[in-house]
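Here's the structure, in structure tokens; my notes come after.
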Amino acid sequence: MKNKVIAGIMAALVMQGVAAEQGMNEMWGESTVKLRAENAERGQLFNDGNYAMFIHWGLYSQLGNQVGDKTYYGIGEWIMNPRMAGIPIPEYKKLAGTFNPQQFDAKFIAKLAKDAGMKYIVITSKHHDGFAMYDSKACDFNIVNSTPWKKDPMKELAAACRAEGLGFGFYYSHNQDWTFPGGGRGPTVDENGNPATFEDYFTKKCLPQVEEITSNYGPIELVWFDTPGKMPKKYVQQLVDVVRKNQPNALVSGRAGHGLGDYQSLGDMEVPHKNVKGMWEAVDTTNDSWAYAWYDEYWKTPKEILRRLIACVGRGGTYMLNIGPRGDGSVPERAARALRESGEWIRTYPQVVYAAEPSPWEHALPWGDATVKGSKLYLSVFEWPTAGKLYLPGLKTKIIAANLLKKDQSNPLEFSESNGWTILELPPVAPEKLVSVIEIDLAGTPRVDATFGIDPNIGTEILAEFASVDGAELSHKRWMEKFGEWKSVHHVHNWTPEGKAIFDVDVLRPGDYVVSLTYSGEGRLVWGVDVEGGEHIQNEQNSSHNYQEFPIGWINFPEPGKYKVSVSSLEGDCKTSSLKSIRFSPVQ
Ligand code: FHN
């Protein structure tokens, strides 16, 4: 009985994952896969820059996720929504009366973005709460008309960006407007109690405001529409036409909807693991909330920022990283510090990031990642090998030279080849505190065999999304950790008795490896791991609702070379056991 109840709960959770996935596709719009060439005139900054600052700042920043003495956990800009504090519209509007961001300093923010190595800034001109953070004639509920501060911060920020040589763009919530009659998820009647339609909101507020933000701030580089939901195409088309008319060189985000944007925005906080075709950006934040949240001190470290940025560039895209200034306009110091420290690294190694091409392996490597510039390959080493050797699997193009960079010095490295692997001889200590860079000069553009190499030195984790699956299901699942804090995974689930996830691997050093699996599930589970034509191991381990790594056992690869390793769910709740990855660690 208990098992049935648990199975029911798990099935419901999986369904919620699927529903969340569908819901988010609807909310974020279907993907816009456009090639870079289609936007050749627009978005040069986007293509070459690869790295941008996103800013969520508005009336909500004043609350910082606290209403009265209660703290609400989740994304701060949603505080008025019933899914957070549920603040009635008249109460929320009163916040404007105390919004006085004396510490706002446009030059400081532009300089911070510059020091961080970012190439443009995109800031919330109006979020879902409907409050315009600029001087709007179309609606009184704006920073100039209804706050004691009375200034237009966007004028200052646009000018400061230009002075720093940065691009500038606006976020605009085109569909959702929670305070204007007729706006998406907003009031359905006007102030006189008469029914209000989306058309009313669109013609009275949305369209005129998009006219304003694209006319009054000089040349802008981007208009970032968000959450199109079910907004009819005719409206999105009109907005895109306005942007084209007023700002022919500006890009329109994919979240405009109906495929009318210029490029694809991935899901919130999602850094892809596989190369993604076309022009795209990942949007992420320095902590867990977009807007300022007083409790949220979980900052990405400088190394984590670089890891995520280089992963985006390595997968072929652009990284836009958010800060949430406080209600007084100041920027949380820890966010600023992490941005500056990672920025200093980018200024030292700009070739790794700017206008760099994606990794030929199309995925990260156990110790780091790779980007390319013509016939130069840049290896960003995040985990410095202590054994004095770096193992590079499957590089097919001839190496002319390999150099370890340290600021402007370049130290030649010895290298050799074995079974299709390149082995680079490294000094025992990493030259850089954060990430060390190896430049490899090749005889042409890099060609690789992208099979996952099992590193002889350190653990190699291979995600389930790289498996081929037979008799089970491989799908993408998204969920919110806190409200609005999105997480996602590609997982193998719904295992049939014959179900298998098959991983292709390349082994350089034969011998025993510890195999561990990261999974979630219910109760004790028995997993099997098989090397094709070789050893079979199986073991029972516990499970957890959250993904957790469990060891299964040692497995042997008798010779160097290619193997197929398959994982199967043998006993326990095989429908809901959800496999995220396999790891091979050398027995040392
Ligand atoms: O609902 C918004 C959210 O508040 C935030 O602005 C993010 C940023 O990508 N976009 C929406 C959710 O995807």
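The values are calculated or read from the model by the stated rules, or taken from the named source; none is laboratory data. None of these values were measured; they are calculated from a predicted model. FYI the Cβ positions are ideal-geometry reconstructions off the backbone, even for glycines, and counts take in every protein chain you see. With ligands, DNA and RNA removed, areas are computed over all heavy atoms of the protein, side chains included. Shrake-Rupley method; radii C 1.70, N 1.55, O 1.52, S 1.80 Å.
Report the full-extension gain for the segment THR98 to ALA387: residue separation times 0.36 nm, less the Cα-Cα distance, to one decimal in nm.
Numbers: separation 289, 0.36 × 289 = 104.04 nm, distance 5.94 nm.
Separation in residues times 0.36 nm, less the Cα-Cα distance, equals 98.1 nm.
Convex hull volume of the Cα atoms in the range 368-450, per residue, in Å³?
Values: hull volume 7.5 nm³, N = 83.
Value for the range 368-450: 91 Å³ per residue.
Using only Cα atoms, what is the ratio of the radius of gyration of the range 101-252 to 2.2 N^0.38 Å?
Working: Rg = 15.8 Å, N = 152, 2.2 N^0.38 = 14.8 Å.
The reported ratio for this selection is 1.06.
Calculate how large, on average over all directions, the projected area of the Cα convex hull of the range 204-262 is; give the answer in nm² to one decimal.
Numbers: hull surface 14.7 nm².
In nm², the orientation-averaged hull projection of the range 204-262 is 3.7.
What ranking of ARG315, ARG524, ARG334 comes out by heavy-atom accessible area, probe 1.4 Å, highest first?
Working: ARG315 5, ARG524 160, ARG334 130 Å².
Ranked list, largest accessible area first: ARG524, ARG334, ARG315.
Run the dipole for the chain about the Cα centre, Lys and Arg Cβ at +1, Asp and Glu Cβ at -1, nothing else charged, and hand back the magnitude in debye, nearest 20. List each step's numbers first, then the result.
Details: 61 positive and 72 negative charges, 210 e Å.
My answer is approximately 1000 debye.
So what's the range 460-586 giving for Rg/Rh, alpha carbon basis, Kirkwood Rh from the mean inverse pair distance? The partial results should precede the final answer.
On the way: Rg = 14.4 Å, Rh = 14.7 Å.
Reported Rg/Rh, Kirkwood definition of Rh: 0.98.
Over the C-alpha atoms of the range 220-320, what are the Rg and the largest Cα-to-Cα span, Dmax, in Å?
Taking only Cα atoms of the range 220-320, I get Rg and Dmax of 15.5, 44 Å.
Using only Cα atoms, locate the centre of the range 282-354 and the centre of the range 475-545, then give the distance between them in Å, rounded to an integer.
Taking the Cα centre of each part, the range 282-354 and the range 475-545 sit 31 Å apart.
Mind counting lysine pairs for me in the range 420-572? Cα separation below 22 Å, and the two need to be 8 or more apart along the chain or on different chains. Don't skip to the end; give the middle numbers.
Numbers: LYS477/LYS487; LYS477/LYS500; LYS500/LYS562; LYS500/LYS564.
Counting lysine pairs in the range 420-572 gives 4.
Along the charge dipole of the range 460-586, which of GLN538, GLY553, TYR519 sits closest to the positive end, that is, farthest toward it, with unit charges on the beta carbon of Lys, Arg, Asp and Glu (+1, +1, -1, -1)?
TYR519
Peptides 128-136, 86-94, 436-444, 68-76: what's the order by average Cβ count within 10 Å, highest mean first?
Numbers: 128-136: 24.9, 86-94: 14.3, 436-444: 18.3, 68-76: 16.4.
Top of the packing list down: 128-136, 436-444, 68-76, 86-94.
Determine one quarter of the surface area of the Cα convex hull of the range 24-348, which equals its mean projected area, and express it in nm² to one decimal. Intermediate values should be presented prior to the final figure.
Values: hull surface 60.1 nm².
Orientation-averaged projected area of the Cα hull: 15.0 nm².
Which sequence of HIS476, HIS493 reflects their accessible areas, 1.4 Å probe, from the largest down? Mind showing how you got there, number by number?
Values: HIS476 50, HIS493 15 Å².
Largest accessible area first, the list is HIS476, HIS493.
Name the residue from TYR120, ASN175, PHE202 whose Cα lies farthest towards the positive end of the charge dipole of the chain, charges +1 on Cβ of Lys and Arg and -1 on Cβ of Asp and Glu.
PHE202
Relative to the present Cα-Cα distance, how much length would full extension add between TRP149 and ASN556 at 0.36 nm per residue of separation? Let's see the in-between values first.
Working: separation 407, 0.36 × 407 = 146.52 nm, distance 6.90 nm.
Stretched fully, the TRP149-ASN556 segment lengthens by 139.6 nm.
With both bridge residues required to lie in the chain, what share of the DSSP beta bridges run antiparallel, to the nearest 5%? Please list the in-between numbers first.
Details: 90 of 123 bridges.
If we restrict to bridges inside the chain, about 75 percent are antiparallel.
Tell me, how many Å apart are the Cα centres for the range 80-94 and for the range 400-438?
56
Between LYS137 and LYS398, what is the spin-label point distance in nm, taking each point 7 Å from the Cα along the Cα→C-beta axis?
Result: 6.8 nm between the two label points.
Give the accessible area for LYS155 in Å² (nearest 10); use a 1.4 Å probe, count only protein heavy atoms, and leave out ligands, DNA and RNA.
100
Between TRP486 and LYS230, with labels modelled 7 Å along Cα→Cβ, what's the label distance in nm to one decimal, could you check?
Taking the simple label geometry, TRP486 and LYS230 are separated by 2.0 nm.
Explain nothing, just the number: dipole magnitude of the range 368-450 about its Cα centre with +1 on each Lys and Arg Cβ and -1 on each Asp and Glu Cβ, in debye rounded to the nearest 20. Write out the running numbers ahead of the final one.
Numbers: 9 positive and 10 negative charges, 35 e Å.
Roughly 160 debye for the range 368-450.
Along each principal axis of its Cα atoms, how long is the chain end to end? Whole angstroms, biggest number first, please.
Computed over the chain, the largest-to-smallest principal extents equal 79, 68, 44 Å.
With every protein chain present, what accessible area does ASP288 have (1.4 Å probe, heavy atoms only), rounded to the nearest 10 Å²?
It works out to around 20 Å².
Ignoring ligands, DNA and RNA, what percent of the 1.4 Å accessible area of the chain is carbon and sulfur? Could the numbers behind the result be given before it?
Working: 12070 of 23410 Å².
Summing carbon and sulfur atoms, their accessible area is 52 percent of the total for the chain.
Show me 267-275, 215-223, 114-122, 97-105 ranked by packing, highest mean number of other Cβ atoms within 10 Å first. Write out the running numbers ahead of the final one.
Values: 267-275: 18.0, 215-223: 20.4, 114-122: 23.7, 97-105: 15.6.
The packing order, highest mean first, is 114-122, 215-223, 267-275, 97-105.
Quote the charge dipole size of the range 460-586 about the Cα centre in Debye, to the nearest 20; the model charges only the Cβ of Lys and Arg (+1) and of Asp and Glu (-1). Let's see the in-between values first.
Numbers: 12 positive and 19 negative charges, 80 e Å.
Here the size comes out at about 380 debye.
Quick one: if you stick a label point 7 Å off each Cα along the C-beta vector at GLU414 and HIS273, how many nm between them?
My value for the distance between the label points is 3.7 nm.
Of LYS119/LYS373; LYS230/LYS300; LYS93/LYS137; LYS107/LYS155; LYS373/LYS406, which ones are farther than 23 Å apart at the Cα?
Numbers: LYS119/LYS373 19 Å; LYS230/LYS300 34 Å; LYS93/LYS137 17 Å; LYS107/LYS155 11 Å; LYS373/LYS406 18 Å.
Violating the 23 Å limit, Cα to Cα: LYS230/LYS300.
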